[in-house]
1. Mind putting a number on the dipole of chain A about its Cα centre? Charges go on the C-beta only, +1 for Lys and Arg and -1 for Asp and Glu, and I need it in Debye to the nearest 20.
2. Mind checking which of B:Gln168, B:Pro70, B:Ile53 is farthest towards the positive end of the protein assembly as shown's charge dipole, using Cβ charges of +1 (Lys, Arg) and -1 (Asp, Glu) about the Cα centre?
3. Considering only A:Glu213, A:Glu174, A:Glu74, give the residue with the highest GNM mean-square fluctuation for chain A, with springs between Cα atoms whenever their separation is below 10 Å.
4. Do you know the relative contact order of chain A, to the nearest whole percent, from alpha carbon pairs under 8 angstrom that are 6+ apart?
5. Putting +1 on Lys and Arg Cβ atoms and -1 on Asp and Glu Cβ atoms, find which of B:Ala177, B:Val200, B:Ser234 reaches farthest to the positive end of the dipole of region B:41-270.
6. Report the full-extension gain for the segment A:His54 to A:Asp243: residue separation times 0.36 nm, less the Cα-Cα distance, to one decimal in nm.
7. State the answer as a single residue: which of A:Leu41, A:Pro112, A:Met147 lies farthest towards the positive end of the charge dipole of chain A, with beta carbon charges of +1 for Lys and Arg and -1 for Asp and Glu, about the Cα centre.
8. With 5 Å bins from zero, work out the P(r) of region B:147-256 over every alpha carbon pair and list the percent per bin.
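Nothing in this text is a laboratory measurement; each read-out follows from the coordinates by a stated rule. What you see is a predicted model; the values in this text were computed from it and never measured. Here the Cβ is made from the backbone with ideal geometry for all residues, glycine too, and neighbour counts use every protein chain on show.
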Amino acid sequence: MSQLAVEVARVPRARRRALGAPTLGSGIALGYLSVIVLVPLAAVAAKAASGGWHHFWQVAWNPEARAALELTFELAGAVVAINAVTGTAIAWTLVRDDFHGKRLVNAIIDLPFALPTIVAGLTLLALYGPTGDLGVDVAYTRWGVLMALLFVTLPFVVRAVQPTLLELDREMEEAAASLGAGRFATFRRIVFPHLLPALLSGVALAFARAIGEFGAVILIAGNLPFKTEVASLYVFEHINSDDPTGASALAVLMLVVSLGVLLVIGALRRWATRHDR
Amino acid sequence: MTARTRTSNRLLLVRFCALGYLAVILIAPVTLIFWRAFEHGVHPFWAAISNPIATHALRLTVEVTLIAVPLNTAFGILCALAIVRHRIPGMGLINAFVDLPLALSPVVVGLALYLLYGRDGWFGHWLTTHGVRVLFALPAMVLATIFVSLPFVVREVVPVLREIGTDQEEAASTLGASSLTTFRRITLPAIRWAIAYGVVLTAARSLGEFGAVSIVSGGIAGRTQTLTQYVQASYENFDQTGAYAASVLLALLAITTLLAMTVMRHGDRRA
């Protein structure tokens, strides 16, 4: 208690005094947030809980829902693993390497963020779909869904790792190299530990995105329960077939995962800043 | 230096793998879609874009964006001020909920609005008796778009507000400026670039929104169909030219966004 009082006393008066139009402005912001985000999400939670705990599990754990959840987590796991490697490699190439067109490559990394998800799905189908020129057809397969998820999650790890890599002091690496460490040992012992918080938060965002992605996968996945139906498609199909309870059960689980990921990222951010000090 | 030349092969391998992955996942498919759209010249592209259903979809998309962006900009500034300057209890939680749309599936957003404003929804009965149509109409589409594009202005403005601190605002208010004047003359000029970034990102997200809107709009061609839904409908009706043409239009908007951000970043650095 006294500890807290000391902490509060240390905050300068200027910062403790609210500026601007505190009560009115914050009130409006809170009201808006409630109407737009909190109340609708409460409706989902209420719907899922309406039949009681037992009923909720029965709905969320039926074979089709379970298959959808298992597939979703499997794919998200694969997305995380692939992005951790390729994202770091791309960030490394953009920071440490030099080649023609590097600035252009750097610019297009953000394209999956800016491109509408349905367009992302269509572009992949144009090349790797039934009418593509390559002779591969990933339409209605899990490989296709995985590709779509890799497309939309591409920037997360790159953009998380890149700034940390830029700031990294190269003298440490040179010191390690001069002491006889190989390139790989230097990366593993010096670079990697510094990148880890950024890498993990990038990976966490990619995971959340992969769990919930809808637009990019809908055209590629088709509508095949037990085969390519991920959680978001399950929710969508069950709204369409007038089963909002079934849709809500999975939606609540997805909501919990999203909130969990945000909490993890918040913790990682605090961890990273503690390292700085 | 010798260490670097000795291992340059390995560096080349990393470069090759990184760029190869980018080419397979991103560059080749996006390039192909442009080629497909213009493969038979500009005329079929133009014909596919200018039919009444496509133009209606484009107009509706722009309309929804024009409503969502100003609302989210005003909210974004107020919310950023609340987060940085006012120590309200429970701010951590509010912070998390502001970020939530970035990590949440759009189908959950769509479902939430469906459960609120649908026939059997919380507000459904009241709305029906008063003859207000929200679901499968413009209001629900706007609400869905606002939800998914909510965080962008807040996220851009918060770090800048933290960085500029309160010294100048304090000085202004000590000299007798009202809080509104202080905001207009001191705070607003400092955060204007952050607001501009936020607006561009909000607009891009709004123009491209698909999942949440497709649940609450009904997607009736010529009435509640946005441009992204037009892409889906065209593809599923085997009208590939239409799907590719509308996709290229959306992709051009996305590329414009990226260019705008790059140009603005240059301006920001000079300012």
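1. 1320
2. Highest projection toward the positive end goes to B:Gln168.
3. Top of the fluctuation ranking is A:Glu174.
4. 27
5. Of the candidates, B:Ala177 comes out farthest on the positive side.
6. Working: separation 189, 0.36 × 189 = 68.04 nm, distance 1.76 nm.
Contour length minus Cα-Cα distance gives 66.3 nm.
7. Among A:Leu41, A:Pro112, A:Met147, the one farthest towards the positive end of the dipole of chain A is A:Leu41.
8. In order of increasing distance, the bins hold 2, 11, 15, 14, 13, 10, 8, 8, 7, 6, 4, 2, 1, 0 percent.
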